[in-house]
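What follows is one structure encoded as structure tokens, with my remarks underneath.
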Amino acid sequence: MSCAIQGFDEALAVEDDRFVAYFEGFRLESTFQPIFSHAHHRAIGHEALLRITDGEGAPIGPLQFLCKQWAPTDAVALNALIARMHVANFRRSEPVDRWLFLNVDPVDTIRTLQAVEALGQALRDHGITPESVVIEIVEQDIPNSGDLLDIVAAYRELGCLIAIDDFGTGFSNLARMIKFRPDIVKLDRTFVADTGSDVHSARCLPLIVNMLHEIGSLVLAEGVESEQHALTSVRADVDLMQGFYFARPQRDIESGPPSSLPVLRDITRLSDQQVLDYESAFQLALQDYQAAFATMLVEMRCGADLSAAAAPILAMKRAVHLYVLDTDGRQVGRNVHGANRRVYGQTPHKPLLNGEGAKWTHRPYFRRARLRRHEMQITRPYLSLTGAFMCVTLSQSTDIAGREHVVCCDLEYPL
């Protein structure tokens with residue numbers, strides 16, 4: 001059954017109790033892909049996606065359709081029609097406490113202002129508050145920072161939230177993120193996909209998420225298509241997830257109060273267990289090094305020479321080097337090398353290998369050792385400046401010849 005809706009653009013109609021649109025002989029309809037919060041274990045929003053068929057019912061790719069050489073006035077009308085259709089279908093489902101994510105085509109400032117006006121009218125017509133709408137902008141479509149700021153400002157003035165889509169590709173620029181602070185940043189799907197095969201991607205993803213959190217943005221992982229993708233996202237501390245693993249785009253939105261998704265509870269449980277397993281393995285691998293380090297410090301306090309006291313720990317497989325800092329954080333003497341000499345042969349940082357006289361007050365292992373005297377400190381894995389290898393540092397403040405020093409030992413990671 002099909003009928004036109006009075007007061008709407010005549011191209012917007014109802015078919016089978018859903019709003020559809022017609023434009024230049026093409027049929028347009030809405031589908032919605034849920035977006036989930038793993039902390040809340042439920043959907044918190046839905047991205048409106050476009051499905052298109054031609055006059056013979058054959059599907060047309062949305063990008064192929066939207067990138068046609070429409071006349072400027074037709075492009076404006078098309079985008080307004082799509083927004084009105086998505087808003088109408090979203091309102092029809094009456095979802096509770098959900099965001100509507102809308103993709104926009106911010107070609108230029110004039111057309112953006114027209115699109116904002118059309119969207120505002122559609123929201124008023126359907127009784128949807130602007131703060132329930134998240135506008136998705138693809139950053140690389142707008143290489144000019146001034147244009148990007150103007151477009152963001154226009155939608156923010158309406159009252160909508162802003163999400164940057166496909167962050168990490170094209171013109172993606174962290175400096176621009178800091179300037180206008182999007183409410184949500186959607187990571188390009190390659191971030192999650194690459195972590196399974198690339199150890200560097202896996203290490204970098206949590207740091208990227210943390211940087212985006214620091215500028216005040218929530219982080220959404222796109223392209224979550226497997227349990228491993230979901231676990232990777234949770235471990236990286238992303239806030240929201242979207243992908244086929246949880247739900248494919250669907251014509252209808254579940255109405256009523258948000259319901260819990262069992263698979264999200266499973267992901268949280270598996271992630272928690274992986275963290276516990278990692279911490280247990282990490283601590284187990286460290287035990288022998290900690291014991292040898294503690295024995296070395298006792299011997300040094302009793303007057304033993306550094307090289308003699310350190311010999312047992314430096315003979316261990318992952319020990320790279322040991323060094324001593326004064327209370328100002330300045331290294332006293334050169335590094336004392338351990339059994340693990342492989343990193344020295346491979347490092348491109350040869351001018352940095354000699355740490356004598358270097359000042360390490362900025363390192364957390366020095367600050368914590370001074371703060372908690374006589375307690376051994378263990379860092380999380382980090383990149384060593386003097387060797388370009390991932391390491392873990394053991395450090396402890398102790399008295400040597402009547403004066404306080406901080407003794408440090410770098411171990412190659414993973415242990």
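The values are calculated or read from the model by the stated rules, or taken from the named source; none is laboratory data. What you are looking at is a predicted structure, and each value in this text was computed from that prediction instead of being measured. When we count neighbours, we look across all protein chains shown, and the Cβ atoms used for this are built from the backbone with ideal geometry, even at glycine. Areas reflect the complete protein model, heavy atoms only, side chains present, ligands, DNA and RNA absent. Shrake-Rupley method; radii C 1.70, N 1.55, O 1.52, S 1.80 Å.
Values for this structure:
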| item | result |
| --- | --- |
| Sequence-separation-based contact order of the chain, relative, with Cα cut under 8 Å and 6+ spacing, percent | 11 percent |
| Residue 339/residue 153 FRET efficiency (R0 60 Å; Cβ-Cβ; nearest 0.05) | 0.50 |
| Sequence of 204, 409, 302 from largest to smallest accessible area, 1.4 Å probe | 302, 204, 409 |
| Residue 222 accessible area, assembled protein chains, probe 1.4 Å, Å² | 20 Å² |
| Residue-level accessible surface for residue 328, protein heavy atoms, 1.4 Å, Å² | 90 Å² |
| Förster radius 30 Å - calculated FRET efficiency between residue 301 and residue 390, Cβ distance, rounded to 0.05 | 0.45 |
| C-alpha long axis of helix 199-214 to longest principal axis of the chain, angle in ° | 70 degrees |
| Sequence ranges 121-133, 52-64, ranked by mean other-Cβ count within 10 angstrom, highest first | 121-133, 52-64 |
| Cα-based helix-to-principal-axis angle, 72-93 vs the chain, degrees rounded to 10 | 80 degrees |
| Highest-fluctuation residue, 252, 288, 188 considered, GNM on the chain with Cα pairs under 10 Å | 288 |
| Among 40, 200, 229: highest mean-square fluctuation, GNM of the chain, C-alpha pairs under 10 Å | 200 |
| Hits among lysines - C-alpha to C-alpha of residue 350 under 26 Å, sequence gap 8 or more where chains match | 317, 359 |
| Net +/- balance of residues flanking residue 272 in space, Cβ distance below 14 Å, scoring K and R +1, D and E -1 | -1 |
| Percent accessible area from carbon and sulfur atoms, the stretch 52-99, protein chains only, probe 1.4 Å | 56 percent |
| Extension gain, residue 181 back to residue 330 (0.36 nm per residue minus Cα-Cα distance, nm) | 49.8 nm |
